[in-house]
Amino acid sequence: MEKQFEYLINLAKEYEIYENDDKALFEALHNLSQDKLQSVFEDYGDPKLPYQPINMLRAEVAGMLLNGEQVTPTTVEEIKNKIRKKKREQLNYVPDNQLDKMDASTKETKPFWSWTRFWPLFYPFFYRDTVKETVRQYL
């Protein structure tokens, strides 16, 4: 039981660092395994998904990281603007089916107005697969 508590406490401490320190979060993103990034890309770049700007952002970032590109807070803000302005030719990793849905959308919303912090955007890159299963099992 103590082992489980220790695991959960350490994970919470790690995630708290990412919540409070953007530099640490972006370093951790760049250190994710190719397998994990591929899994994130497949989940959020799935052409069958409905148009959801936040998922497009996650797919674009995962694609960039898979290809060894630098991702910074500035990069993320640039991607948000590309999605807001529907600049499909500047989104290199979002699948065409998703881009078609973006173009077809007539919603006049501000899709990222509540997504100003980076940890809520990127926690699915970390809290997934075996980590998620382990946490659920320990709780």
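The values are calculated or read from the model by the stated rules, or taken from the named source; none is laboratory data. This one's a predicted model, so the numbers in the text were calculated from it and none came from an experiment. In this analysis, Cβ positions are derived from the backbone assuming ideal geometry, glycine residues included, and neighbour counts consider all displayed protein chains. Note: areas computed on protein heavy atoms with side chains; ligands, DNA, RNA excluded. Shrake-Rupley method; radii C 1.70, N 1.55, O 1.52, S 1.80 Å.
Looking at the structure I just gave you, is Pro53 at pLDDT below 95 and under 23 Å from Pro111 (Cα atoms)? Against the criterion (at pLDDT below 95 and under 23 Å from Pro111 (Cα atoms)), Pro53 qualifies.
Condition check for Glu42 on (1) without any contact (Cβ under 8 Å) to a residue 12 or more places away in the chain; (2) more than 25 Å from Val131 (Cβ to Cβ); (3) under 13 Å from the mean Cα position of the chain (by Cα): one failure, at (2).
Kindly indicate whether Phe112 is modelled with pLDDT under 90 and closer than 28 Å to Asp21 by Cβ. Here the answer is yes, as Phe112 does meet what is asked.
Yes/no per residue for (1) open to solvent by 80 Å² or more (accessible area, probe 1.4 Å); (2) of a type in the set (Val, Ile, Thr):
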residue: Asp96; (1), (2): yes, no
residue: Leu99; (1), (2): no, no
residue: Lys110; (1), (2): yes, no
residue: Ser114; (1), (2): no, no
residue: Arg117; (1), (2): yes, no
residue: Phe125; (1), (2): no, no
residue: Val131; (1), (2): no, yes
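Do we have any residue at all in region 24-33 that's farther than 28 Å from Asp100 by Cβ and polar (S, T, N, Q)? Yes, the conditions are met somewhere in region 24-33.
Residues of region 37-80 that are polar (S, T, N, Q), open to solvent by 70 Å² or more (accessible area, probe 1.4 Å) and within 19 Å of Asp22 (Cβ to Cβ): Gln70, Thr74. Could you say whether any residue in region 87-106 is under 30 Å from Ile9 (Cα atoms) and at pLDDT 95 or above? Looking through region 87-106, none of the residues is under 30 Å from Ile9 (Cα atoms) and at pLDDT 95 or above. Within region 13-25, one or more residues are small (Gly, Ala, Ser), open to solvent by less than 70 Å² (accessible area, probe 1.4 Å) and under 24 Å from Asp129 (Cβ atoms).
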